[in-house]
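These notes are about the structure you will find just below.
Nothing in this text is a laboratory measurement; each read-out follows from the coordinates by a stated rule. Since we're looking at a predicted model, the values are computed, not measured. Reconstructed Cβ throughout: ideal geometry from the backbone, glycine too, with neighbour counts over all protein chains shown.
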Amino acid sequence: MFISKDVVMQKVQRFGGAMFTPVIMFGVFGLFVAVSILCQNPMILGAVAEKGTGWSNFWFILEEGAWTIFRQMPLLFAIALPIGLAKKENARACMESFLIYVIFNYYVHAILSIWGSDFGVDFAREAVSGSGLALVASIKTLDTGIIGAILIASLSVWLHGRLFDVNVPESLGIFRGSSLVVSAGFVLMLPVAWLFCFVWPQFQAAISSLQVFLTDAGILGVWIYTFLERVLIPTGLHHFIYFPFIFGPAVVDNGIQVYWLGHIQEFAASTRPLAELFPEGGFALHGMSKLFGCPGIALAIYFTADRESRGRVAALLLPAALVAMCCGITEPLEFTFLFVAPMLFVVHSFLAGTLASVMYYFGVRGNFGGGIFDCLFQNWVPLWSNHYMTYLTQIAIGLCFTAVWFAVFRFLIVKLDLKTPGRGDEAARLYRKADYRAKVAEEQAADERDRKAADFLAALGGRENIVDVTNCATRLRVTVRDEGLVQSVETFIEAGAHGLVQNGRAVQIIVGLSVPQLRGRFEALLGEGGRTAAAGKTAGTDTVQAPEE
């Protein structure tokens, strides 16, 4: 049967959004790990941080707790992915996914215990990094990392969607609901485990070859990677570019995030250049455009705005630029110019790739996927003593590129008369209503997220037009029945969104970091338990209307 491009895009975008359910934890716990390691570094804190002191022991205990997310990533994905993927009974889907994933690993363990050599696997080896083996929930199995967990979780959600509501005869009542889903997984995992035992060792060999290729590709490889990571943001598919590098085995075991944190003390103590210690770190320089590019963009938009509008534009740009620089969340700023001037976003992506490549050329390496907090606690502070020249070089190059971003954006905005915020009537119309509504909501002591949820639902065509809803870090992702009922980008911006991405029936509303809370309110408007109209569980059929202006 023919599957339309829109349907494929909806599923891909939903999957990309679901990936952010567990990923949102990585930045927080990466910071906890980095601070804990920093507080155990005698090179920075002196004798108080020597091993065995009360201070060092305290931070060692905290560090061990902070490593939880990274040491248990496969389990985290197996449990958390159904939260974003399942369309009903998400909590039960999480339990089912966990059980099916554990069953899968027990099968792999048993198969390799008997026929490991036939599959080219030395199963007698210790399950350590680089062995191709791992311990998952104390089960010795193939090291499939998060890729295996994501695949098994996806299959679990697929089984959940088809079997959870099946009405079996009373005599087979114990096989209803989750029991039926897990039983089906018990059967399905046997051939899947066998297939993994056959395919995965070859895949591990291919990953090793990919690691060598990308490392040898040098500047070109870094540029292509960084450019794609930026330019695909409007589609929501950028997660699929950086994920295998930062959290997967594309260039190092377990991904750059885990590898960097695990070796940070070794790197800090060494006087060898970081380019020699960790050449793969060039694939984590995509955060440099957030730290150094976003200020240049914000300044260019501000200085090209009409003078009478600059105060309001500054109020819009300053928090967006600070969020991008400090936390690495760039969408509020990027989406202020993306839809009125798409060409600027392509230029932005080009400059991001160029900045990362130049830094790579001059020996900058590390874990710079986020904003300034990542730079400080995972790079600059713990490694400054022996690598300060590398970081001074990095900052100097970054500030030069801030000036480049400013000059290029200012030139293009003025030369092409692009209607970025603050230039002409467009900007006034974009933000006036939202400012008014925010003021009214504050005066009435109302929760702004309740109002936004109602307005977004109305702008999407009402409850009857909603098929399903999920979210990623900053976007509310919705599939609608009739794309023609979705109102204009301006309508959503006036309602408080930062922007809108629409690919057929797949709609992404750029909300910001409050999107999980707003999604809860949005689902509450759809009906009892937050079920979607597609699940046939809505509380009624009336369209929810936005408040009168």
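Once R0 is set to 30 Å, what does the formula 1/(1 + (r/R0)^6) return for the Cβ-Cβ distance between SER113 and GLN72, expressed as a FRET efficiency to the nearest 0.05? Please list the in-between numbers first.
Values: r = 23 Å, r/R0 = 0.78.
The calculated FRET efficiency here is 0.80.
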task: Any chance you could check the Cα centroid distance between the stretch 264-319 and the stretch 121-170 for me, in angstrom?
output: 38
task: Give me the distance in nm between label points sitting 7 Å out from Cα along the Cα-to-Cβ direction at GLU276 and VAL381, one decimal.
output: 2.9
Amide H contacts of VAL136 (H built 1.01 Å from N, under 5 Å, at least 5 apart or other chain): THR141
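Highest first, please rank the peptides 44-51, 100-107 by the mean number of other Cβ atoms sitting within 10 Å of their residues. Could you put the intermediate results ahead of the total?
On the way: 44-51: 12.0, 100-107: 23.1.
Final packing ranking: 100-107, 44-51.
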- request: Describe numerically, in nm with one decimal, the distance between label points set 7 Å from Cα along Cα→Cβ at LEU485 and at SER179.
  value: 3.9
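Beyond a 30 Å Cα-Cα separation, which of these cross-linked pairs lie in this structure: LYS88/LYS452; LYS290/LYS415; LYS419/LYS452; LYS88/LYS140; LYS87/LYS452; LYS87/LYS290? Before the final figure, lay out each step's value.
Numbers: LYS88/LYS452 24 Å; LYS290/LYS415 25 Å; LYS419/LYS452 25 Å; LYS88/LYS140 33 Å; LYS87/LYS452 22 Å; LYS87/LYS290 34 Å.
Cα-Cα > 30 Å for LYS88/LYS140; LYS87/LYS290; rest within.
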statement: If the chain between LEU135 and ALA396 were fully extended at 0.36 nm per residue, the gain over the current Cα-Cα distance would be 89.6 nm
message: Using each residue's phi in the stretch 162-170, evaluate 6.51 cos²θ - 1.76 cosθ + 1.60 at θ = phi - 60° and report the 3J(HN,Hα) Karplus result to the nearest Hz, with x for Gly and Pro.
response: 9, 10, 4, 9, 5, 8, 7, x, 4
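Please report, to one decimal in angstroms, the Kirkwood hydrodynamic radius of the stretch 115-271 built from all distinct Cα-Cα pairs. Can you show the working numbers first?
Working: mean 1/r = 0.0535 Å⁻¹.
Result for the stretch 115-271, one decimal place: 18.7 Å.
With a Förster radius of 35 Å, plug the Cβ-Cβ distance of ALA127 and MET25 into 1/(1 + (r/R0)^6) and report the FRET value to the nearest 0.05. Intermediate values should be presented prior to the final figure.
Details: r = 24 Å, r/R0 = 0.69.
About 0.90, to the nearest 0.05.
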- prompt: Using the Kirkwood radius built from alpha carbon pairs, what does the Stokes-Einstein equation give as D for the stretch 447-535 at 4 °C and 1.567 mPa s, in µm² per second?
  reply: 104
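Compute the FRET efficiency between TYR106 and PHE60 as 1/(1 + (r/R0)^6), taking r as their Cβ-Cβ distance and R0 = 35 Å, and round to the nearest 0.05. The partial results should precede the final answer.
Numbers: r = 33 Å, r/R0 = 0.94.
With a Förster radius of 35 Å, E is 0.60.
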- prompt: Hey, rough spin-label estimate for TYR361 and SER514, points 7 angstrom out along Cα→Cβ, what's it come to in nanometres?
  reply: 4.4
